[in-house]
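A quick write-up on the structure given underneath.
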Amino acid sequence: MKTRILGFVGLAAVIGAAVFGLVVVPADLNQGDAQRIMYPHVASAWLGELSFGVTALAGIGYLWRRDLRLDAIAHAAAEVGVLFTAFAIWGGMMWGRPVWGVYWQWEDPRLATTALLLALGIGYLLLRRLSDDPARRATRAAVVGIIAALDIPIIHFSVIWWRGLHQTPTFGDPSKLLNPSAPGLFVIALMGMLAAFTIVWCYLMIRRYQLARIEWQIEEHGRLGRISAARRAAALNAVVQETSE
Amino acid sequence: MSVLRRGAATALAIARKDALSELRGRQASGSTLFFAALVLLLFGFALGPDSRRLTEAAPGLLWLAIVFGGLLTVARLHQLEVEDGAMEQLALYPVDRRAIYAGKALAGAVAMLALGAVLLPVVAILYAIPIGSAWLPLITTVALGAVGFAAVGTAYAGLTVRMRAREVMLPLLMLPIVAPLLLAAVKATTVALNGDPFGELGAWLQLLAAFDIVMLVAGAGTYGFLLED
Amino acid sequence: MPQTTIYVAPRLAGTHENPPPAVRAVDLARLFGRSPALAGVSVTVEMGRMVALVGPNGAGKTTLLRILATALRPSFGALHIDGVDALRRPEIVRTRVAYLPHATGHYDDLSAEENLRFAATMLGWGATEAGPVVRDALDEVGLTPVARDRVRSFSAGMRKRLALARLLVARPSLVLLDEPHASLDGDGMALVDRLLERWHEVGITVIVASHQSERVARLADATLRLDGGLVAELSGSGIQADLSWPSASGAPVPAGVDR
């Protein structure tokens, strides 16, 4: 019940932030209305990174405690993270088209980083799909989650430096650089959207975790059931043999 | 024997065993070398025949070839454990598993260093790169790249070797992780070949070293868990 | 021919007065995906005993041996080896247990001697001590003539002998063998029997699963029969097993919890 309220609050927050970003805040001086997509785009990217952090921490927790609930959290965070990251890339491309004239260009460090993040996230999810045994799956996923998270800061640095310690960006038309006409409102819009998305993120995480827990409980129940069934069958067999002797 | 000495003895014994297996394993490592060289040749057909374009792209092509060869190398170092079920024995020896990791990563790094060292002259010839005085920074870059790749490759190869679809899982997991390594190594190589006019080389080598250290620590910390069934 | 040198693990501190059982397994269960390979095995084996592990294919013998060797974690249940919690401190258990699995686990491109030298180093032998130990072990299993040959050229029987040699390089208090007689000719099987006798003589606990049941029965103190992942029958001395069901619902105890 509380989760449902959270969901509605999140939805309302997103709508509110969207309205604010689309209507209340004036258009960017240089980039025009195209700039508005930045609010959800940045928020998604940030939450994507947060998600992978959660996955890694839950992974460490699992390796330490061997509690499969932590693995369920890691899985949930990875799925939600991939969702937000994919949305961030889509947003980035939608933003790039009007501003740069192309959907993709390599000099924007954030776009390249986010693409790698998406690749890492999808790889994580594929790895999980290819493992059957829950314990093995959780262990492998934890290792990959940890290593991927450790790679992220290195990716950040390398991609930013890559752009050229001396080169001038060919796509950075100075007349197209960000130039908010009302800096205060701009910041509020950004923060507002971030807060709204974070609420939605929490909602999705809780729901996904609940789902994972149910899945896992069913699986566990099945495993216990099979063991009990094996024992009952053997007990029955023993009784039958005794009575026939 | 102190813990450190036993660990070093373990790691060296493993590295030595892997090196012997590599060298004697018929043409396995030779085949990998040849494959990487072939990749370089094929890039010529894919991007040529404009020599200038190829010369510009050479550092990137070199490192792509090293990465492809590296994937085969780290995979093979774990396949030899799985062939006859040796991995189970390895997991049961009363040794520090970080030492097992260190030994395997060492073997992998040496193999990749050899790969890179052989590919340098191949690239120099195919794409008309004057290596000249840049050989020292180039070898350093190759060494740092080899260590980093082997560090994370050993962990991921150990992880995927008993999985379904292991041939695709290893590259699938490795490529995004080594993207910054690739980036930095190519930059360092390019800069070194140009004589490093802006003094950037140090920064890139430091980035490579940082990657190496992070991955070695992460690998050593997690490899033990991967050995268990 | 002088008697085979068998290296035994020293007694653990505090166990000289009241030696703990070599194996104390409580409700061990293990699932692979959906199927329960072990559905709840509770057994206690006294130190120094030889136990023959029998049962039809798929009964769970290999799974049980692997769990005892700490090569596999049980899905449920508790295990103590020589009084040490095998699930919490497996690394201690591994210094005291030697395990012969189905697969021989050699490095094909190395020679027999190199394989054994490697094992000796992993098992803690120093560089100088390892040499004679390895040579004696190779001699004992009859592989001295081919010591320098690559294992790739070995037959299944020779690989098995090399695996047995690896057991001789260890210093265990518990030896676990999964089908040691398989792939061996008459001489080879006699070798296995000799080794079993020696381990027994020296006081090492042995648990052996073999289709050559008569050969083992001659030497064993007790026989444990598994069927369908459970203990079906028990006979002999020095061993106890819980043949009743842990609870009415048959639900097992979570792994690591000791009842």
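The values are calculated or read from the model by the stated rules, or taken from the named source; none is laboratory data. Since the model is a prediction, treat every value here as computed from it, not as a measurement. Note that we place each Cβ from the backbone using ideal geometry, even for glycine, and neighbour counts take in every protein chain shown.
Before moving on, here are some points about what is shown:
- In region A:119-143, the residues that are within 9 Å of chain B (Cβ to nearest Cβ), within 28 Å of A:M93 (Cα to Cα) and hydrophobic (A, V, I, L, M, F, W, C): A:A119, A:L120, A:I122, A:L126, A:L127
- Residue count for region C:9-39, restricted to those that are more than 22 Å from C:R171 (Cα to Cα), within 14 Å of another protein chain (Cβ to nearest Cβ) and touching a Ser or Thr at 6+ places or on another chain (Cβ under 9 Å): 10
- The condition of being assigned to a helix (DSSP H, G or I), surrounded by fewer than 20 Cβ atoms within 10 Å (Cβ to Cβ), among the small types (G, A, S) and within 13 Å of another protein chain (Cβ to nearest Cβ) holds for only one of B:A19, B:A11, B:A37, that being B:A19.
- Residue in region B:177-190 that is out of contact with any Asp or Glu (no Cβ under 9 Å at 6 or more places or on another chain), in a helix (DSSP H, G or I), at the interface with another protein chain (Cβ under 10 Å from one of its Cβ atoms) and among the hydroxyl-bearing types (S, T, Y) present: no
- Against the conditions (1) more than 23 Å from A:I206 (Cα to Cα); (2) part of a helix (DSSP H, G or I); (3) among the aliphatic types (A, V, I, L, M), A:L127 satisfies every one except (1).
- Filter pass, A:R66 being among the basic types (K, R) and either modelled with pLDDT of 90 or more or farther than 19 Å from B:Y223 by Cα (or both): no
- Any hit, region B:90-103, residues being part of a helix (DSSP H, G or I), more than 19 Å from B:L20 (Cα to Cα) and of a type outside the set (K, R): yes
Matching residues to (1) crowded, with 17+ Cβ neighbours inside 10 Å; (2) in contact (Cβ under 8 Å) with a residue 24 or more places away in the chain; (3) outside the structural domain of C:A25 (by TED's automatic domain parsing); (4) aromatic (F, W, Y):
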| position | (1), (2), (3), (4) |
| --- | --- |
| C:A182 | no, yes, no, no |
| C:D185 | no, yes, no, no |
| C:G188 | yes, yes, no, no |
| C:E197 | no, no, no, no |
| C:I204 | yes, yes, no, no |
| C:V216 | yes, yes, no, no |
| C:A220 | yes, yes, no, no |
| C:T223 | yes, yes, no, no |
| C:G228 | yes, yes, no, no |
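- The single condition from (1) in contact with a Gly (Cβ under 6 Å, 6 or more places away or on another chain); (2) within 11 Å of another protein chain (Cβ to nearest Cβ) that C:R49 fails is (2).
- Filtering region C:90-116 to residues that are in contact with a Phe, Trp or Tyr (Cβ under 9 Å, 6 or more places away or on another chain) and assigned to a helix (DSSP H, G or I) leaves C:R94, C:A112, C:E114, C:N115.
- Being of a type in the set (D, E, K, R), closer than 21 Å to C:V169 by Cα and more than 9 Å from chain B (Cβ to nearest Cβ) is true of C:E113.
- Set B:A146, B:A210: member being out of contact with any Phe, Trp or Tyr (no Cβ under 6 Å at 6 or more places or on another chain) and closer than 21 Å to B:A28 by Cα: B:A146
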